[in-house]
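Engineer: Got a structure for you, questions after.
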Amino acid sequence: MRYKAFIVSLFIISQGLAIDTEKDLQTQFILAEPGDTITIPKGTHNIKGALSIEGKENLVIRGSGMNRSILSFAGQTEGAQGISITNSTNIILEDFSVHDTKGDAIKVQYTDGIIFRRVSAEWTGGPKETNGAYGLYPVLCQNVLIEHSVAIAASDAGIYVGQSRNIVVRYSIAVNNVAGIEIENSIDAEVYENHTYDNTGGILIFDLPDLVQKKGGHIRVYNNLIENNNLFNFAPKGAIVGKVIPGTGVMVLATSDVHVYENTIRNNKSVATGIVSYFITEEAINDSLYNPYTSSIHIYNNIYERSPGLPALDYEIGQLLAIKYGRNTPDIIYDGMPDPAYINADGVILPESNLCIQNNSDARFTNMDIENNFEKWYSPFLSDFSEDLTPFHCGITHHPVATSK
Amino acid sequence: MATIMSKTIIWFILTFSVVFSSAPNPLKYAKPKLSDYGFFKHRMADHIPAEGVIPYSVSAQLFSDYALKSRFIVLPEGQRLQYKSDGSFDFPQGSVLIKTFYYPADFRNPNQEIKLMETRLLTHTPEGWMGFAYVWNETQTEAFLEIAGERLPVSFIHSDGEKIELEYSVPNFNQCKGCHVNQNQMIPIGPKVRLLNHEFEYPDGTMNQLKKWNILEMINGLPNLSTLPHTPDYDDPLEGSIAERSRAWIDINCAHCHRLGAPGETSGLFLNIEENDPTRLGIFKPPVAAGRGSGNMRYTIVPGNPEESIMVYRMESTDPGIMMPELSRKLVHKEGVKLVKEWIRNMK
């Protein structure tokens with residue numbers, strides 16, 4: 001350590017440079033050895049270029065607290081991220097904030113073992129289309145833990161885990177983002193005891209086509225408070241989350257084996273919980289390995305609350321719901337598109353693959369049955385939405401909350 | 001002789017420094033100053049190569065804010081590149097690729113008033129490839145190792161007479177790998193047969209570079225030249241169609257990331273010159289995680305309509321949250337944008 005500090009200081013002195021935090025941190029990130037802790041000093045530090053950590057093992061990057069150690073990228077001129085971590089193992093980020101990056105705040109890629117603990121990603125000017133896309137953003141990683149962390153005003157997803165495995169997101173807050181928390185094309189995820197509020201959508205579980213990790217699944221979303229996610233959608237139009245209707249609580253899109261339970265989902269004005277296929281996006285699918293359907297989705301033991309009010313009317317689905325249900329939008333909305341692979345010769349969905357909805361308090365339901373209503377879609381008075389939940393009482397006794405990993 | 005001696009000492013140090021330092025520290029593979037390597041004879045800034053230091057060029061190059069580049073390769077004494085069937089090479093340990101970035105004061109007189117910015121070494125160490133940047137001093141007498149990156153003001157007159165000022169960026173040690181990576185391993189980008197398969201002016205005459213390297217006993221297993229591909233120079237209309245030159249531009253500027261096994265693979269957009277699947281190339285492909293990089297547009301490429309194509313939008317931006325590539329430029333490559341726009345406009 002002493003040798004290294006000597007080299008670092010020799011290096012800096014030999015270059016005749018004033019020690020600035022950006023260069024100092026970047027130098028430490030490059031020279032770090034396994035077991036090192038790198039300290040982000042107290043104060044607000046203006047950083048002009050993306051900081052990067054590459055190919056490191058067993059590092060702790062630690063500040064003095066989310067409100068005390070702040071890396072501000074308001075004047076960023078280079079790099080698409082605030083902090084980029086790649087090809088690393090067992091990296092712990094603790095007790096600091098990243099503000100106002102031009103692109104993503106903290107992106108972690110090809111890393112096994114990444115912990116975000118009391119880390120905040122924030123765009124301080126509030127929700128704006130010009131904000132960066134993702135706040136806390138592990139992608140193509142495994143063993144991801146995000147806890148006691150905060151994401152504010154990302155123009156895509158505040159906490160976004162993509163194409164990863166073995167994930168826990170807990171005790172965290174997402175506010176004023178387009179998507180509060182998004183789990184995309186990921187396997188084995190637990191999302192619990194988070195508070196997502198005032199986003200466009202609270203928690204999104206998506207599988208999208210054309211990606212390297214094709215299929216997500218085995219995802220558990222429980223004990224979260226998901227409320228007032230009625231913020232206008234400020235995502236750039238090309239982004240898939242740009243299609244999420246303001247007033248979305250939880251949305252499961254084209255994913256399999258997802259359990260949503262024991263959450264409180266309240267005052268999300270349009271779609272408190274949606275279970276939809278990729279067809280809802282009206283995008284073409286060119287990926288032959290992609291499965292656009294949902295299957296084995298379980299929604300149970302949740303508490304739904306909703307004061308009367310109209311859904312977001314600037315979205316087609318909102319108009320449809322408003323015409324059909326006025327100020328009393330149903331809580332759980334299913335597009336009625338089961339995976340044909342799980343329908344037997346008699347036209348019956350295999351029980352283990354069916355949608356299961358039961359024991360939710362105050363939950364009103366509608367099955368839009370898009371397949372059969374497609375031609376009537378533009379004349380909603382004629383379409384036959386079914387509020388009948390009976391086909392979706394699967395009768396399974398769901399186990400109590402899983403113990404955390 | 002002195003050069004050969006000092007080179008031998010360098011290799012000795014590079015090879016055995018592992019023994020003396022237990023920490024996996026990139027500094028142990030780099031010398032503090034460029035002159036410590038003895039790559040150049042006489043006045044170092046003139047880049048007259050020492051024995052065993054072979055100049056070369058690539059037919060299509062990454063746009064780096066219009067910086068011009070001189071390239072050299074050094075192989076350890078008596079060792080060779082091994083040709084691989086995918087058109088790349090296996091490099092012996094100890095190989096060094098040298099690339100100097102420089103600007104003439106006026107691009108209309110590219111050989112006068114030259115300012116050297118940095119010299120990058122891509123060194124094949126016992127722990128894999130590593131990239132080191134040496135930043136030239138004001139007097140152009142020496143270049144010093146700079147692992148944490150640097151920003152340098154520079155101004156020049158472009159070939160169209162426009163005066164351009166910019167803050168030139170020297171990459172940090174990690175950023176080198178941001179581009180030079182495949183399956184977590186750092187790799188060279190330029191020295192592939194398709195980028196080397198053209199004539200080069202050597203002091204003793206013009207010759208195809210691969211032929212020259214073969215004559216110099218630098219390569220094992222090189223097939224007959226006539227069977228090898230050639231990437232066109234995207235600047236030269238005589239070298240290929242607009243589509244071919246566009247694909248050359250996109251390959252060298254984008255595919256180091258947008259390729260299976262490289263960081264841009266998360267997007268599902270694959271831009272290497274070998275790719276033929278229209279969706280993977282971006283045609284009517286919606287963005288995945290582009291954020292505001294999508295510019296409110298729906299597809300990476302809309303045939304016939306470059307103005308509605310995200311690819312062009314990102315090439316034309318200099319906003320760090322939007323622009324592509326993410327590194328290596330502060331300016332827009334006007335000529336490249338024009339070419340790719342033309343390609344998309346002609347697409348059916």
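Engineer: Looking at the stretch B:48-86 only, could you name the residues that are on the phi > 0 side of the Ramachandran plot, touching a residue at least 12 places away in the same chain (Cβ under 8 Å) and surrounded by fewer than 16 Cβ atoms within 10 Å (Cβ to Cβ)? Can you show your working first?
Structural biologist: Restricting attention to the stretch B:48-86, the residues satisfying the condition of being on the phi > 0 side of the Ramachandran plot are B:52, B:65-66, B:78.
Pick out the ones that are also touching a residue at least 12 places away in the same chain (Cβ under 8 Å) and you get B:52, B:65-66.
Residues satisfying the conditions do not exist here.
Engineer: Same structure, new question: The conditions are (1) within 22 Å of the chain's Cα centre (by Cα); (2) surrounded by fewer than 16 Cβ atoms within 10 Å (Cβ to Cβ); (3) at negative phi, and B:Pro203 fails exactly one of them. Which is it?
Structural biologist: Here B:Pro203 meets the rest and fails (1).
Engineer: Test each condition in (1) assigned to a loop (DSSP other than H, G, I, E, B); (2) within 14 Å of another protein chain (Cβ to nearest Cβ); (3) in contact with a Cys (Cβ under 9 Å, 6 or more places away or on another chain) for B:Met311 and report the one that comes out false.
Structural biologist: (1)
Engineer: So, restricting to helices (runs of 4 or more DSSP H) that lie completely within the stretch B:153-267, which ones have at least 1 residues that are closer than 21 Å to B:Gly282 by Cβ? Break it down into steps so the answer makes sense when it comes.
Structural biologist: On the way: elements: B:173-179, B:193-196, B:209-215, B:242-254.
In the stretch B:153-267, B:173-179, B:242-254 are the helices (runs of 4 or more DSSP H) which contain 1 or more residues that are closer than 21 Å to B:Gly282 by Cβ.
Engineer: Moving to a separate point now. Of all residues being buried (at least 24 other Cβ atoms within 10 Å of the Cβ) and more than 16 Å from A:Val139 (Cβ to Cβ) in the stretch A:78-100, which is nearest to the other protein chains (Cβ to nearest Cβ)? Just the residue, please. Don't jump to the end; show me each part of the working.
Structural biologist: Applying the first criterion (buried (at least 24 other Cβ atoms within 10 Å of the Cβ)) to the stretch A:78-100 yields A:79-85, A:93, A:96-98.
Keeping just the survivors that are more than 16 Å from A:Val139 (Cβ to Cβ) gives A:79, A:96-98.
On the way: A:Gly79: 6, A:Phe96: 19, A:Ser97: 18, A:Val98: 14 Å.
Checking each candidate, the answer is A:Gly79.
Engineer: Please enumerate the residues belonging to the stretch B:270-297 that are in contact with an Asp or Glu (Cβ under 8 Å, 6 or more places away or on another chain) and within 8 Å of chain A (Cβ to nearest Cβ).
Structural biologist: Hits for the stretch B:270-297 are B:Thr279, B:Arg280, B:Lys285, B:Pro286, B:Val288, B:Ala289, B:Gly291, B:Arg292, B:Met297.
Engineer: Are there any pairs, at least 6 apart or on different chains, whose C-beta atoms fall under 9 Å, with the first in the stretch A:303-314 and not assigned by TED's automatic domain parsing to the domain that holds A:Val244 and the second at pLDDT 95 or above, and if so, which?
Structural biologist: Qualifying pairs under 9 Å: none.
Engineer: What number goes with the only condition from (1) aliphatic (A, V, I, L, M); (2) in contact with a strand residue (DSSP E or B) (Cβ under 7 Å, 6 or more places away or on another chain); (3) crowded, with 22+ Cβ neighbours inside 10 Å that A:Leu321 does not pass?
Structural biologist: Among (1) aliphatic (A, V, I, L, M); (2) in contact with a strand residue (DSSP E or B) (Cβ under 7 Å, 6 or more places away or on another chain); (3) crowded, with 22+ Cβ neighbours inside 10 Å, the lone unmet condition for A:Leu321 is (2).
Engineer: Ok, one more. Within the stretch A:18-62, which residues are free of Cβ contacts under 8 Å to residues at least 12 places away in the same chain and assigned to a loop (DSSP other than H, G, I, E, B)?
Structural biologist: Once the filter is applied, which keeps residues that are free of Cβ contacts under 8 Å to residues at least 12 places away in the same chain and assigned to a loop (DSSP other than H, G, I, E, B), the stretch A:18-62 yields A:Ala18, A:Ile19, A:Asp20.
Engineer: Now for a separate question. Inside the stretch A:166-193, can you point out the residues that are closer than 18 Å to A:Leu231 by Cα and away from chain B (no Cβ under 14 Å)?
Structural biologist: As a first pass, look at the stretch A:166-193 and keep what is closer than 18 Å to A:Leu231 by Cα: A:173-182.
Selection gives A:Ile173, A:Ala174, A:Val175, A:Asn176, A:Gly180, A:Ile181.
Engineer: Which of the residues belonging to the stretch B:262-272 are crowded, with 19+ Cβ neighbours inside 10 Å and either touching a helix residue (DSSP H, G or I) at 6+ places or on another chain (Cβ under 9 Å) or aliphatic (A, V, I, L, M) (or both)?
Structural biologist: Correct list: B:Ala262, B:Pro263, B:Gly264, B:Leu269, B:Phe270, B:Leu271.
Engineer: Restrict the check to the stretch B:317-334 and report whether at least one residue is basic (Lys, Arg) and more than 9 Å from chain A (Cβ to nearest Cβ). I'd like the intermediate steps shown before the answer.
Structural biologist: Filtering the stretch B:317-334 down to residues basic (Lys, Arg) leaves B:329-330, B:334.
Next cut, more than 9 Å from chain A (Cβ to nearest Cβ) only: B:329, B:334.
Yes, some residue in the stretch B:317-334 is basic (Lys, Arg) and more than 9 Å from chain A (Cβ to nearest Cβ).
The values are calculated or read from the model by the stated rules, or taken from the named source; none is laboratory data. Since we're looking at a predicted model, the values are computed, not measured. Cβ sites come from the backbone with ideal geometry, for glycine too, and all protein chains shown count toward neighbours.
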